[in-house]
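First the structure, in the form of structure tokens, and then the observations on it.
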Amino acid sequence: MQTRSELLKDTFRKAAHAWELINKLHFTEEEARCLRKHIDQPSYADLHWGVFIPAIKGQATDAQQKKWLPLAYSQAIIGCYAQTELGHGSNVQRLETTATFEPSTDGFIVNTPTIAATKWWPGGLGKVSTHAIVHARLLTNGKDYGIHAFIVQIRSLEDHQPLPGITVADIGTKFGSRAYNSVDNGLLRFNNVHIPRENMLMRLATVTKEGKYVHSNVPTQLAYGAMVNVRKSIVMDASYSLARAVTIAVRYSAVRRQFGVQDGQPEMQVLDYMTQQSRLFPLLATAYAYRFLGQWMSSLYSDTMACFENNDFSTLPEVHACTAGLKSIATSTTADGIEECRKLCGGHGYLTSSGLPDLFAVYVPSCTYEGDNVILLLQVARYLMKTLKFLGSGKEPSGTAAYLSNVTELVSKNCEVAKESDWISPKTLRYAFEARSARLALKCATQIAAASTQDEGFSEASCELLGASRAHCELIIVTRFMGALEREIPGRGVKNQLQILCNIYALSLVTTRAGDFLMTGYLSPEQVELAKSQLRDLFKKVRHNAVSLVDAFDYTDFYLGSSLGRYDGNVYESLYNEALKDPTNASAVTEGYTEFIRPILKQQLGTSMSRL
Ligand SMILES: Cc1cc2nc3c(=O)[nH]c(=O)nc-3n(C[C@H](O)[C@H](O)[C@H](O)COP(=O)(O)OP(=O)(O)OC[C@H]3O[C@@H](n4cnc5c(N)ncnc54)[C@H](O)[C@@H]3O)c2cc1C
């Protein structure tokens, strides 16, 4: 087992080797991203390319980009994104780090006024970054202009020592034994650190030589484009990680046999148990759903950027809410799904050699970084409440919220499903999800309207609002899956299998969220029973292709890193060999035998312990 220092050094070695290859083979940015992903060991480079560079692109002026991007692209500097502080995370407006303009030196003095203001968490900061994009309160002419971003050099480009006034360190070991510990998340403090005025990222606002704060004429909305792109990548990664866990669990469930012996026949494959299918197949369907969702978010990003180029920002609130919600739902479901896959593999799922514990440990922080998932759903809720409030005032909802303009019908017309097969109609499913979402949202809006103030109402209804946001996002995912299947899909029978998965995805949500559908009166208990029964039929249809459907994700054994998920199904031999490779098995007689075990066995514990 590597120590943390060894793990970090190994990560740096891999990142350096990847960078060498990227340059030698003239990789495009996308190819380089793909290579880094397949190293399968997160590193400072993910933050440099995934957050530092996009932040410069989003928040720096053209002249600043001209200065900083070539340095960043060549990795002549390595950067991180330092927003979160010990005492302040989600509430960015309350960050305490200060950047005070000093006209005499034409620069800012950056300070960390309290312990709670210490920057805490930025990936790549602890040991590697030479520069940080620091979020700090801008103070000039005695006035506080709120949070702005500044590029601050933190380490020497000669010997990598922290610069004067900078305290920087790693925040220590995190969840799991390896997992995200390969990233040097760091802490950072400033003691009167001077930076030139031009190091403020000035695309949206500038400070003049005289210390005057001036808004630029660039619309503030432009800064949001990068966020949509980052969230698209997070949703795609959710699909890859869930698909990986599901591949392991499906393959192992086809190998593993338990009970069901009749007349000396082999035991049953656990994949044939309905309970196993009902836990596993919805996750398989979800992995596919997120793949299509990620593809759709890519085109949403291009469309949004095209609108921005034409100074059309009208879609921004909807796009912002929808991508925030999708990041939240996809990462929470994936983290829970990986853990469910571990349980689906029984005891062996708990072994590191199953590949699942590390996958869970490395994945789970995505529920927190790039926005806490609850906070993000509350942002969706605010958007939904605002949309309902302005209905009929000429501000018609658009994009993924367009269905809300039909709210009167959606809250009055109930489901017409009368038999099982009625459930597999895209129109029926879409309408059911629209009705659930509209009804939950309207219920919250009514509750808020009855409160003495809007804020009090929002706070009282916040748990229900999370439900309404979830319903809105799940509607988006279901409809994007359906939308993807309207296209031509090559391969005999492929579209049919995807259609089955799409129905499984939607109906498993109908049954697991039956409370929403029943409480809002859209479904009757009988209709929920029909959905369950239809779902069981669909499980039978997907059963025979389940292994092929995970093979289609095309993970190599090397990448899966799992004894249970091997392509050849040779699970037991692999588990056995992995166990023997464990360092504790290097000798037959364990370390510590002489001091602590032998004395017990020989009834000499008292005498031997007193000698230690
Ligand atoms: C692995 C990892 C990597 C990270 N990388 C970076 C990085 O590179 N750069 C960086 O700047 N930061 C980074 N972060 C920090 C991350 O962005 C924050 O942790 C995240 O935004 C959540 O903020 P918080 O920790 O303050 O949580 P808090 O906001 O304190 O949340 C604590 C709890 O309170 C709840 N809560 C908070 N506010 C409300 C509210 N208004 N209503 C209801 N519930 C509420 C939350 O849901 C949560 O359950 C990283 C974090 C992790 C774990």
Here, the stretch 132-270 modelled as identical Cα point scatterers in vacuum has Debye log10 I(q)/I(0) at q = 0.09, 0.12 Å⁻¹ of -0.55, -0.79
Rounded to one decimal in nm, the spacing of the 7 Å Cα→Cβ label points at residue 160 and residue 210 is 4.7
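What does the accessible area per residue of the chain come to in Å², with a 1.4 Å probe and no ligands, DNA or RNA counted? Don't jump to the answer; show the numbers that get you there.
On the way: 29180 Å² over 612 residues.
Heavy-atom accessible area per residue stands at 48 Å².
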Taking max minus min of the Cα coordinates of the stretch 454-612 on each principal axis, largest first, gives extents in Å of 76, 55, 31
Cα-based Debye curve of the stretch 4-218 sampled at q = 0.08, 0.09, 0.12 Å⁻¹ gives log₁₀ I(q)/I(0) of -0.28, -0.36, -0.63
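Per the Kirkwood treatment, what hydrodynamic radius in Å, one decimal, follows for the stretch 213-288 from the mean inverse distance over all distinct Cα pairs?
That comes to 16.0 Å for the stretch 213-288.
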The ³J(HN,Hα) series, computed from each phi in the stretch 215-229 with the Karplus coefficients 6.51, -1.76 and 1.60 at θ = phi - 60°, rounded to the nearest Hz and given as x for glycine or proline, is 6, 7, 8, 7, x, 4, 4, 4, 5, 7, x, 4, 5, 4, 5
Each label sits 7 Å from Cα toward the beta-carbon; between residue 573 and residue 30 the label points are separated, in nm, by 4.0
In nanometres, the difference between 0.36 nm per residue of separation and the alpha-carbon distance of residue 92 and residue 462 is 131.2 nm
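Rounded to the nearest 0.05, what FRET efficiency do residue 76 and residue 487 give with R0 = 45 Å and r taken as the Cβ-Cβ distance? Could you check?
Values: r = 44 Å, r/R0 = 0.98.
Once the sixth-power term is evaluated, E becomes 0.55.
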One finds the C-alpha centres of the stretch 340-394 and the stretch 131-180 to be spaced, in Å, by 28
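Express the Stokes-Einstein translational diffusion coefficient of the chain in µm² s⁻¹, to the nearest whole number, given a Kirkwood radius over alpha-carbon pairs, 37 °C and a viscosity of 0.692 mPa s. Write down the numbers at each step before the final one.
On the way: Rh = 27.2 Å.
Result for D is 121 µm²/s.
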Between residue 313 and residue 143, Cβ-based FRET efficiency (R0 30 Å, step 0.05) works out to 0.60
For residue 504, the accessible surface traced by a 1.4 Å probe with all protein chains present amounts, in square angstrom to the nearest 10, to 0
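Kirkwood hydrodynamic radius (Cα pairs, Å) of the stretch 1-61?
Kirkwood hydrodynamic radius for the stretch 1-61: 12.6 Å.
Given a cut-off of under 8 Å on Cα pairs at least six residues apart, what relative contact order in percent is computed for the stretch 472-612?
Values: 52 pairs, mean separation 18.2, N = 141.
Answer for the stretch 472-612 is 13 percent.
Taking 25 Å as R0, compute the FRET efficiency from the Cβ-Cβ separation of residue 582 and residue 548 and round it to 0.05.
Between residue 582 and residue 548 the formula returns 0.15.
Beyond 15 Å, what percent of the Cα pairs of the stretch 376-480 remain?
I get 62 percent for the Cα pairs in the stretch 376-480 exceeding 15 Å.
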Expressed in nanometres to one decimal, the distance between label points 7 Å along Cα→Cβ at residue 350 and residue 590 is 1.6
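Please work out the Cα convex hull volume for the stretch 58-120 and give it in Å³ per residue. Don't skip to the end; give the middle numbers.
On the way: hull volume 8.3 nm³, N = 63.
Convex hull volume per residue, Cα atoms: 132 Å³.
The values are calculated or read from the model by the stated rules, or taken from the named source; none is laboratory data. Quantities reported herein were computed from a predicted structural model and do not represent experimental measurements. Backbone-built Cβ (ideal geometry, glycine too); neighbour counts: all protein chains shown. Side chains included, ligands, DNA and RNA excluded: accessible areas come from the protein's heavy atoms. Shrake-Rupley method; radii C 1.70, N 1.55, O 1.52, S 1.80 Å.
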